[in-house]
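Q: Here it is, the structure in full.
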Protein chains: 2
Amino acid sequence: MDNLDRQIIEQLRLNARAGYGDIGAVVGLSASAVKRRVDRLVETGVIRAFTIEVDPAVDGLVVEAYVELFCRGTVAPDELRRLLSTVPEVVDAGTVTGSADAVVHLRARDIPGLEDALERVRVAPNVDHTRSAIVLSRLIKRDPR
Amino acid sequence: MDNLDRQIIEQLRLNARAGYGDIGAVVGLSASAVKRRVDRLVETGVIRAFTIEVDPAVDGLVVEAYVELFCRGTVAPDELRRLLSTVPEVVDAGTVTGSADAVVHLRARDIPGLEDALERVRVAPNVDHTRSAIVLSRLIKRDPR
DNA sequence: CCTGAAAACCGGTAAGC
DNA sequence: GCTTACCGGTTTTCAGG
């Protein structure tokens, strides 16, 4: 992971379909050198995936909510992760400091879809109650930099 | 935007570097047909970008927090958006239902960086107080579907 | 709007520095 | 570890249905 790798990552972030030669022209490397570095970055897990960013409205996933999870007793992060990964509406989630045990960011097609997803989140072991904040208007949405 | 387009988007989501021929083989179209559809999807803004998903630890952005904003009086979403867009640590944010006025998702290099970002968020007009939940362990992290 | 073919172009490998 | 060179495959364009 040197500076060259970081430049390559930056280029791929801007355009994941950029040719190796094009990237090389920017960072000052030959196409094959770039390829080997990209392969290594994928191999080592630095680059997790080549994807596209799609207009969320296309999916019809427009209703969002931030949900706090309050659990009884101890929470096993691994178990929580396993459960949450079965709910596709979960955009991101993490255990947190404060009175809540975890925060879950949901995105669903509509309000019933959100309610349904929340229902599935609630079956997590030891969930005492939840506290939801439905998003009225999205203010910021950046790439997961 | 028909079903074919949706299938193509699904394939590109799985691998943004997939060949047009390969995609065509899956969805039942020739390479050139796939290319024209992809071009059109980019043209019309359905596909916003071809990107890579990078291990966040690489950026050194490992400290995250969900922050609730409580404001005095009315909140102007546009003004809030303008302010939050000046804070690069803001990953996503939205005005919400419930006792809080907005939820802001922050990601910073370290705790001091998080504190600094929070400081900059707090200068938003009419902010009365904030309530932060620092992420202890990230459970889920999906593409911005 | 699709297919199929032809030309240009790029990715992947191998040899050499 | 990088570069140049080469071959095979893919992209891209275009004529035709």
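None of the figures in this text is laboratory data; all of them are computed from the coordinates on show. The structure presented is a predicted model; accordingly, all values stated were derived computationally and were not measured. Please note: Cβ atoms are built from the backbone with ideal geometry, for glycine as well, and neighbour counts cover all protein chains shown.
Q: Calculate the length of the line joining the C-alpha centroid of the range B:91-145 to that of the range A:92-115, in whole Å.
A: If you average the Cα positions of each part, the centres end up 14 Å apart.
Q: When you look at the Cβ of every residue in B:96-107, what mean number of other chain Cβ atoms sits within 10 Å?
A: Working: counts 9, 6, 6, 2, 2, 2, 7, 8, 3, 9, 0, 3.
For this peptide, the per-residue mean of nearby foreign Cβ atoms is 5.
Q: Still on this structure, please answer the following. Could you run the Karplus curve 6.51 cos²θ - 1.76 cosθ + 1.60 with θ = phi - 60° over the range A:67-82 and give me ³J(HN,Hα) per residue in whole Hz, x for Gly and Pro?
A: So the J values, rounded to whole Hz, are 10, 8, 9, 10, 10, 8, x, 8, 10, 8, x, 4, 5, 5, 4, 4.
Q: Using only the C-alpha atoms of the protein assembly as shown, find the volume of their convex hull and express it per residue in Å³. Walk me through the intermediate numbers first.
A: Working: hull volume 43.5 nm³, N = 290.
Considering the Cα atoms of the protein assembly as shown, their hull volume per residue is 150 Å³.
Q: Give the percent of DSSP beta bridges with both residues in the protein assembly as shown that are antiparallel, rounded to the nearest 5. Intermediate results must be reported in sequence, preceding the final value.
A: Working: 55 of 55 bridges.
Antiparallel bridges make up about 100 percent of those DSSP assigns within the protein assembly as shown.
Q: Show which aspartates and glutamates lie in cross-link reach of A:LYS35 when reach means a straight Cα distance below 18 angstrom and same-chain residues fewer than eight apart are skipped.
A: Within reach: A:ASP2, A:ASP5, A:GLU10, A:ASP22, A:GLU43, B:GLU53.
Q: Got a sec to turn the phi values of the range A:121-137 into Karplus ³J(HN,Hα) couplings, 6.51 cos²θ - 1.76 cosθ + 1.60 with θ = phi - 60°, whole Hz, x for Gly and Pro?
A: 5, 5, 6, 3, x, 6, 5, 7, 7, 10, 9, 9, 10, 7, 6, 7, 9
Q: How shielded is A:109-116 by partner chains, expressed as the average number of their Cβ atoms within 10 Å of its Cβ atoms? Working shown, then result.
A: Numbers: counts 0, 0, 0, 0, 0, 0, 0, 0.
Averaged over the peptide's residues, the number is 0.
Q: Axis carrying B onto A: which residue of B has the nearest Cβ, and how far, whole Å?
A: Result for the B and A rotation: B:ALA16, 2.
Q: In what sequence do A:VAL62, B:VAL104, B:VAL96, A:VAL46 fall when counting other Cβ within 10 Å, fewest first? Intermediate results must be reported in sequence, preceding the final value.
A: Working: A:VAL62 14, B:VAL104 28, B:VAL96 21, A:VAL46 18.
Exposure proxy ranking, most exposed first: A:VAL62, A:VAL46, B:VAL96, B:VAL104.
Q: Right, another one. What is the helix-to-structure angle for A:31-43, meaning the angle in degrees between its Cα long axis and the longest Cα principal axis of chain A, kept from 0 to 90 and rounded to the nearest 10?
A: Orientation of helix A:31-43: about 30 degrees from the principal axis.
Q: Return A:ASP128, B:ASP101 ranked ascending by Cβ neighbour count within 10 Å, so the fewest neighbours appear first.
A: On the way: A:ASP128 11, B:ASP101 23.
With the fewest neighbours first, A:ASP128, B:ASP101 line up as A:ASP128, B:ASP101.
Q: Go through the range A:50-61 residue by residue and turn each phi into a ³J(HN,Hα) via Karplus (6.51, -1.76, 1.60, θ = phi - 60°); whole Hz please, and just put x for glycine and proline.
A: Coupling constants for the range A:50-61: 9, 9, 10, 9, 10, 3, x, 4, 4, 6, x, 9 Hz.
Q: Now a separate question. I need the inter-copy label distances for B:GLY60: point set 7 Å along Cα to C-beta, values in nm with one decimal, smallest first.
A: The answer, with the shortest distance listed first, is 4.5 nm.
Q: Shifting gears a bit: How tilted is helix B:3-14 with respect to the longest principal axis of chain B? Cα atoms for both, answer in degrees (0 to 90, nearest 10).
A: Its long axis makes an angle of about 60 degrees.
Q: So the label point sits 7 Å from Cα along the Cα-to-Cβ vector; using that for A:ARG131, what distances do you get to the other copies, in nanometres, sorted shortest first?
A: Result for A:ARG131, in nm, nearest copy first: 0.3.
Q: For a test of the definition: using alpha carbon positions, the gyration tensor, and the 1.5 limit on a/c, classify the range A:1-119 as rounded, prolate or oblate. Let's see the in-between values first.
A: Numbers: a/c = 3.60, a/b = 2.01, b/c = 1.79.
It comes out prolate by the Cα gyration axes.
Q: Averaged over A:72-81, how many beta carbons belonging to a partner chain fall within 10 Å of each residue's beta carbon? Don't skip to the answer; put the middle values down first.
A: Working: counts 0, 0, 0, 1, 0, 4, 2, 0, 3, 4.
That works out to 1 on average.
Q: Principal axis lengths of the range B:55-145 from Cα atoms, whole Å, largest first?
A: Extents along the principal axes, in whole Å: 40, 29, 22.
Q: Also, quick follow-up: Between copies, how far apart are the B:PRO112 label points? List them in nm, one decimal, shortest first, with each point 7 Å from Cα toward Cβ, please?
A: 5.4
Q: What is the fewest-to-most order of A:LEU41, B:LEU80, B:LEU4 by other Cβ atoms lying within 10 Å of their Cβ?
A: B:LEU4, A:LEU41, B:LEU80
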